[in-house]
Amino acid sequence: MKRYDLTEDGYRRKFRSCKPAAGESPDMFVVRIVTYLDRWIELSRTEKSYEKLKDLIVREQFMDACPEDLAT
């Protein structure tokens, strides 16, 4: 799975960086975004409650905003 970037971090990056593909309808794009988010949540083993999802998003934003040595 790591080889094809089908990991928690891989789906997080796909979710954060996805753009509509040429010829992709808005509905298809939304389905793809939701799929990336669902896989990210599933692979992170995060409970699907408001507090746990909020924690996942805040942790991710913290890691992206901090200098690499602090995040480590």
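The values are calculated or read from the model by the stated rules, or taken from the named source; none is laboratory data. None of these values were measured; they are calculated from a predicted model. Ligands, DNA and RNA are stripped out before the accessible areas are found, and what is left, the full protein with its side chains, is counted by its heavy atoms. Shrake-Rupley method; radii C 1.70, N 1.55, O 1.52, S 1.80 Å.
Before moving on, here are some points about what is shown:
- The set of residues from the stretch 25-72 being charged (D, E, K, R), over 18 Å from GLY10 (Cα atoms) and open to solvent by less than 80 Å² (accessible area, probe 1.4 Å) comprises just one member, ASP55.
- Qualifying residue in the stretch 2-12 (condition: at pLDDT 90 or above, of a type outside the set (Asp, Glu) and open to solvent by 100 Å² or more (accessible area, probe 1.4 Å)): no
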